[in-house]
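Data first, discussion second: the structure below is written as structure tokens.
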Amino acid sequence: MKAILTKYNLFSAFRGLTPEKWGQGATILAGKMIGLMLVLAAMITIPGLLGTKAHAAAEVYTAHETSMMNSIDTVWTLVAAFLVFAMQAGFVMLEVGFARKRETVNVLMECIFDTCLCGILFYAVGYAFMFSTGNGFIGYHWFFLQGTPDLYPGTGVPVIAHWIFQYAFADTCSTIVSGAMIGRTGFRGDILYSIGITGFIYPIIGHWAWGPDGWLATMGTAGHFFTSLGQGFRDFAGSTVVHTIGGMASLAGAIVLGPRIGRIFARDGGGMPPGHNLPMAAVGGFILWFGWYGFNPGSTLSAMDIIGIGRVATNTTLAACGGGFTAMVAALWWGSTRGKFDLAFTVNGFLAGLVAITCPCYWVSPLGAILIGGVAGFVVFAGVKVLEYMRIDDPIGAVPVHGFCGIWGTLSLGLFATGEFGITGPYGADNSAANLVKGLFYGGDASILKAQALGTFTIAIAVFAITWAMMKVIMALPHPWKLRVEAHGETGPGGLDMFDHGAEAYVLDEEDVDLTGLFEKKTTKVIA
Amino acid sequence: MKAILTKYNLFSAFRGLTPEKWGQGATILAGKMIGLMLVLAAMITIPGLLGTKAHAAAEVYTAHETSMMNSIDTVWTLVAAFLVFAMQAGFVMLEVGFARKRETVNVLMECIFDTCLCGILFYAVGYAFMFSTGNGFIGYHWFFLQGTPDLYPGTGVPVIAHWIFQYAFADTCSTIVSGAMIGRTGFRGDILYSIGITGFIYPIIGHWAWGPDGWLATMGTAGHFFTSLGQGFRDFAGSTVVHTIGGMASLAGAIVLGPRIGRIFARDGGGMPPGHNLPMAAVGGFILWFGWYGFNPGSTLSAMDIIGIGRVATNTTLAACGGGFTAMVAALWWGSTRGKFDLAFTVNGFLAGLVAITCPCYWVSPLGAILIGGVAGFVVFAGVKVLEYMRIDDPIGAVPVHGFCGIWGTLSLGLFATGEFGITGPYGADNSAANLVKGLFYGGDASILKAQALGTFTIAIAVFAITWAMMKVIMALPHPWKLRVEAHGETGPGGLDMFDHGAEAYVLDEEDVDLTGLFEKKTTKVIA
Amino acid sequence: MKAILTKYNLFSAFRGLTPEKWGQGATILAGKMIGLMLVLAAMITIPGLLGTKAHAAAEVYTAHETSMMNSIDTVWTLVAAFLVFAMQAGFVMLEVGFARKRETVNVLMECIFDTCLCGILFYAVGYAFMFSTGNGFIGYHWFFLQGTPDLYPGTGVPVIAHWIFQYAFADTCSTIVSGAMIGRTGFRGDILYSIGITGFIYPIIGHWAWGPDGWLATMGTAGHFFTSLGQGFRDFAGSTVVHTIGGMASLAGAIVLGPRIGRIFARDGGGMPPGHNLPMAAVGGFILWFGWYGFNPGSTLSAMDIIGIGRVATNTTLAACGGGFTAMVAALWWGSTRGKFDLAFTVNGFLAGLVAITCPCYWVSPLGAILIGGVAGFVVFAGVKVLEYMRIDDPIGAVPVHGFCGIWGTLSLGLFATGEFGITGPYGADNSAANLVKGLFYGGDASILKAQALGTFTIAIAVFAITWAMMKVIMALPHPWKLRVEAHGETGPGGLDMFDHGAEAYVLDEEDVDLTGLFEKKTTKVIA
């Protein structure tokens, strides 16, 4: 609710802003937020140890039992990692399908390159920044996976298996960023900003929430930031850590880049160019949904908590269903193709539901999941309209889906947590009273909502500000390293695909290809 | 064998029927069958408890052991559920690929919408109707997943994990139904019938076979229906429960709708319009095959039965191989493109094999699986010919693949069950003598074949009759809620995609899109 | 390094060879190699028992524990098998995407048919030849899966589950072979050679390395071949056994077939025709990468070795990243589209990295994996150039990716094995000193490199020679069984797709289809 209201207020506030004014405002905002970050940094003095994840394991297990349970947990985590990796196929299909034909090969290359780059950087520094101990802001051990223990602390999963699970998450974030920047980013510029996002911004800011001693993770505990709140920031599978980081970085990129040449916005009598291959986009959506069953249920890092993983899987499903439903209805009632059942909004709607449930999936009920997803469907509809109004060109809706719904989902925990569920652990759940998470709608106090708001807005603003500054720097470089491609790279024959990659996405009319002597005569079509 | 003969007899019987006469006959048949259902209903008096699934667990396990085995079973079931969900991507690709371009977005939207709707309905009522106790015809507990135990009775899997596995099955059935109705169903009509299929018809009729006290599940046991038969109805993973229900509902819809405008049948000098994107169809077929490894092996709900899950996976593979092979040969020898290797029949052939093995996969040998699949390949070829002759427009072959081969596969258990295998259970298989299932070809008596025939034909007829009546009602509604879209919705520019969804599937010629000022000059193709 | 150097020497040696001369040379080479094989065969006298896979399990487990661990291992193996099967979807997308439109349906049909054929043959004879005991050259038990034990010896996995895992491997090899033969192979010729590859060549030669008593598996142990070497041939997941066999068979086929009509090579002023559907190719590449997480980590056949499976998964990832990166750079600096970021090379680059790491993935470090993959990216770039220079038409790069990088990866173990890891087993790893594998770069001696070279080159040459002879025989058959399709089958309207399959891949212009009365007027495109 809050997220939507905020967004509509923003909508009014920005009414009438030209892109230039918005740019100025963003500069000021970014400056302020960097300052705020520094203040916050100063408030953190003593980095803590692993906080909220400790598990009160009263049971005594034999060595054989521990070994088997670790195997069960590791199988679960690795299979989940593979499913998360499959999301790359889904993302690339979604992005390609919603893009114009002339930027298709570019989308493919960016996603593939980012996936390769992310692996190497996350091995070298990313995993260390994010998951090793250090201080509240950054981890500084385990570079190049050196000096790691066998098992990731507090889990039954080897570090080397935890790495690939977290790599797949980092890669997801990295791919999201490319979404709102489709069609006008030079490939060398993509290389530069991807190094920043994948190697530094995502893992370092991710450390705040998921690092063993991150300041948001340890928040509210004795000796740490905001002890009086009594609550840490919770993000079960990454509504904020993965999706909002990706979405906000993408927004910063889209604003710095400006829209694609020839892109006319709704208020100027145009609209989003239609996706060039909707079957590919829709199938990509389904593959993303499939991969989300690794993303969320796998985030227990444990399959001994069988009710927990079942609940997460079911909640994930129902939130997607809710989001698809409401986004379809919103577009049917209020969309530019009023009265029609819009495919693009429906796909983005179920993705919005999936993004939103990613944070609260462990702690809410199935009904809560439907409602959280349902609201997300409206958020994504409104978000697309807001961006269109603000003349920000986001070809696939990356910002509303991942950025805005990530924030909504993170906040929703403070409303919908049922108070029945606590923390998961390698050998089962711990639902003892001290660990239970209860939101406002279930009779809890506002402390969880406050912790969630503090975490998600801080991260959203920090990511936007830092990425915006980085994108500005890359935008100031000379060609070909400049963030935005040369104008003739966008408008020339074959578009960005031919300019940066020397290839077109499809060759369906083979007579255009020089295959001397191949063709007897023009092909004719017959019924099979 | 029986299924084929029956089908050929039907073929003769219907020779010369006009669509109108067939419609009349169907009306009469439907009426009779509703009556038959009522008689059958009256015969069932005392709903029983969980029947054939009881497991004679003589072993004593420690609490830790039980906990670990439940985890192993739950991981297995959840991973299987995810694979079954992946079948949605496969189905949508298959349907899109075999459809005409003008109905592509519609197919995508129907499958996505059905998936969302199914989640919400299966949470609210479907799971309760199907899997809770009640009487032989319907379950009436656990609505909105309230009042459920932790574990689904007789398994080591939590209800909340069992739900998502069964949701994925329900969604599969729901998607099948759309198959034979492609290209002329109004979207609001789709919404209405989908509520009926997903919320009521599938789960209630499914309860008969898979509910803890379903009359077909408890059939043959003391105090239940047809005690003297001594056999219950067996459908391991749903040849009948999922596929025949889906296929027969689809048939009813296709008959009520009539063919697409402009569809000329083979006997009138035409033929099925060619699929508009065969790569997508074929890849969809492979993804379906992949997802079937969740569908069948996951239906043990147990991974402690390691030989059982291995056998099911291997049998599933070999039946697909057999079906693909024979359907290819049938089309090569007898198809309209005689002498050529037909892709569409080959894909539908391996799917036919998969559908057929779904019921008997646990109880037959690898050789039996090849033969069952091989026969299914012929069934699907003959079935397509029969529908074409009867002037029923089934654009993707949903009725022959799912409807007819589901029946064949269910019957095949009565022939091919080897007599070596009994029932599976959460902590291992129980192959004690009393549980063994032996078919006619292995020296068993005809009782299993009788039980299978009774179950599959009753369900097929009941589904057809009820769905037919429902479709007739929706067909009688005024536009836009009428089942069939307005004629200009089919024939207008952009077809059904533009009419109901305001979008075309592909935008490959970008100069048709209004991107003022974007293009310097016409693009030309070059060699990469 | 060695592999690249060898290749460049070959490059010089073959400079100026006409296709005819190369054909003659290949004949002589093939003859010599068949002779060499016979000599090698004579050297093997006593077939041994399971060699390198024995596991020193000092631990004592209860029956319940053993049962649970076997379940964990079987779940792991089966899920891995399903992922490997998913690679079929990836392969077919990759092949289709890189092919020309006119040979698309043919590619689809070949992959589907091969998958069906492979199932039946691998059930009947293939698994027996490969995995049963016999002598060093061939297994001769377990035909039609008769007489098998419950568990595959030395593992916790049932034979019936091991079968499907190995079937998916065999099917992968089978599909690779079709890669370099795209576009000019008659379908009946495909049937014939596929029977040879799938039923005989792959499983029999695979037996040498992976059979319980294969001469390469038992090599270096007392009483077996080359006892003084003291090392057996190691191929953890099949760089040589699956990929080099597939790649070398494909090379033999491509040479016997000759290039597609109208194919002009780079040195003659032409180049590879562009892939007709790059989104499909790139997504196929991602799905292959996803499936590789079954291929490599699943090859432990055990999930009790949790650090082992984590390490394999992470190494697999990093090698792919390295290969994608270096191939992109190679094409950027030295490719025909110099200065552009080439999609096709980047995709083939990460696949090259995956192929290369398949053999050494268990024994190397993450840094080693990056380097092995990185070298593979260069190997694939150079390999494509060499084939183009030699006027061998390999439409998708199957030979460089699978053939050459399979050899490189196999050799790389001898360089990069860290000496920290030994053998895996059903209940955990055995890293006792006697089992450790240490390569040259980590202070080991050259014995491992020698064993690897002996194994991979022997297999590569044997496969090439035998397949070449088989292809020559099929090439000599009369039409339609001849290996190469009639010329008008390639050049006629609709190309090979219409000639052999009676269908075109896409029907995007519906007015070409005879749907009398359907269309009101020409469709026009609008903005959604």
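Read-outs throughout are calculated quantities, based only on the coordinates presented, and are distinct from any laboratory measurement. Since the structure is predicted, the reported quantities are computational estimates derived from the model, not experimental observations. Neighbour counts are summed over all protein chains in view; Cβ atoms, including those assigned to glycine, are modelled from backbone coordinates with ideal geometry.
Summed over all non-identical Cα pairs, the Kirkwood treatment of the protein assembly as shown gives a radius of 32.6 Å. Peptide packing for A:433-440, C:140-147 was compared via the average number of neighbouring C-beta atoms within 10 Å per residue; ordered from the highest value, the list is A:433-440, C:140-147. For C:Q146, inter-copy separations between label points set 7 Å beyond Cα along the Cβ vector come to 6.1, 6.1 nm, shortest first.
Note: relative contact order over chain A, using C-alpha pairs below 8 Å and six or more positions apart, is 21 percent.
Our coupling estimate for region C:351-367, obtained by passing each phi through the Karplus curve with A = 6.51, B = -1.76, C = 1.60 and θ = phi - 60°, is 5, 4, x, 5, 4, 5, 6, 4, 6, x, 4, 7, 10, 10, 8, x, 5 Hz, Gly and Pro reported as x.
Candidates C:A266, C:L354, C:L415 compared by Cα position along the dipole of chain C: farthest toward the positive end lies C:A266, with charges placed on Cβ.
Mean projected area of the convex hull spanned by the Cα atoms of region B:137-217, taken over all viewing directions: 6.1 nm². Give the angle, between 0 and 90 degrees and rounded to the nearest 10, that separates the Cα long axis of helix B:405-416 from the longest principal axis of the Cα atoms of chain B. So the helix axis and the longest Cα principal axis differ by about 30 degrees.
Around the amide H of A:R484, modelled in the peptide plane, lie the amide H atoms of A:G186, all under 5 Å away and 5 or more residues distant in sequence or on another chain.
The angle between the Cα long axis of helix B:63-98 and the main principal axis of chain B comes to about 20°, on a 0 to 90 degree scale. Using Cβ point charges alone (K and R +1, D and E -1), the dipole size of the protein assembly as shown about the Cα centre works out to roughly 1720 debye. Phi angles across region B:234-250 convert, under the Karplus curve 6.51 cos²θ - 1.76 cosθ + 1.60 with θ = phi - 60°, into 3J(HN,Hα) values of 10, 9, 3, 10, x, 3, 8, 4, 9, 7, 5, 4, x, x, 6, 5, 5 Hz, Gly and Pro given as x.
Near the amide H of B:L151, within less than 5 Å, lie the amide hydrogens of B:V159, all on another chain or at least 5 residues away, with H placed in the peptide plane.
The Cα atoms of region C:372-450 define a convex hull whose projected area, averaged across directions, is 6.9 nm². Compared with the dominant principal axis of the Cα atoms in chain A, helix A:2-14 is inclined by about 40°. In sequence order, region C:337-345 has phi-based couplings of 9, 3, x, 10, 9, 8, 5, 4, 5 Hz under the Karplus curve 6.51 cos²θ - 1.76 cosθ + 1.60, θ = phi - 60°, and Gly or Pro positions carry x.
When peptides A:407-415, A:353-361 are ranked by their average number of other Cβ atoms within 10 Å per residue, the highest-first order is A:353-361, A:407-415. Summing charges over neighbours of C:F165, with a neighbour being any other residue whose Cβ is under 13 Å away from its Cβ, gives -2 when K and R count +1 and D and E count -1. The calculated FRET efficiency for the pair A:F143 and C:W334, based on their C-beta separation and a Förster distance of 25 Å, comes to about 0.15. Summarise the partner chain shielding of C:101-110 as one whole number: the mean count of Cβ atoms from other chains within 10 Å of each residue's Cβ. Counting other chains' Cβ atoms within 10 Å and averaging over C:101-110 gives 5. The C-alpha atoms of region C:218-345 occupy a region whose extents along the principal axes are 57, 35, 25 Å, arranged from largest to smallest. Dipole orientation for region C:95-173: of the candidates C:L145, C:V107, C:Q166, C:V107 has the Cα lying most toward the positive pole (charges on Cβ; Lys, Arg +1; Asp, Glu -1).
For chain C, the Cβ-based charge dipole about the Cα centre amounts to some 1580 debye (Lys, Arg positive; Asp, Glu negative; other atoms uncharged). Position A:I195: other-copy label points at 5.8, 5.8 nm, ordered by increasing distance, label point 7 Å along Cα→C-beta.
Can you give the net charge of the other residues whose Cβ lies under 11 Å from the Cβ of B:I306, counting K and R as +1 and D and E as -1?
Residues close to B:I306 contribute a combined charge of -2.
Distant-in-sequence amide contacts of A:N135, defined by a placed amide H-H separation under 5 Å and a gap of 5 or more residues or a different chain, comprise A:Y140.
Peptide A:60-72 has a mean shielding of 6, counted as Cβ atoms of other protein chains within 10 Å of each residue's Cβ. Remark: mean inter-chain Cβ contacts per residue of B:204-216 equal 0, using a 10 Å Cβ-Cβ cutoff to other protein chain atoms. Peptides A:243-250, A:200-207 ranked from most to least packed give A:243-250, A:200-207, packing being the mean of other C-beta atoms within 10 angstrom over each peptide's residues.
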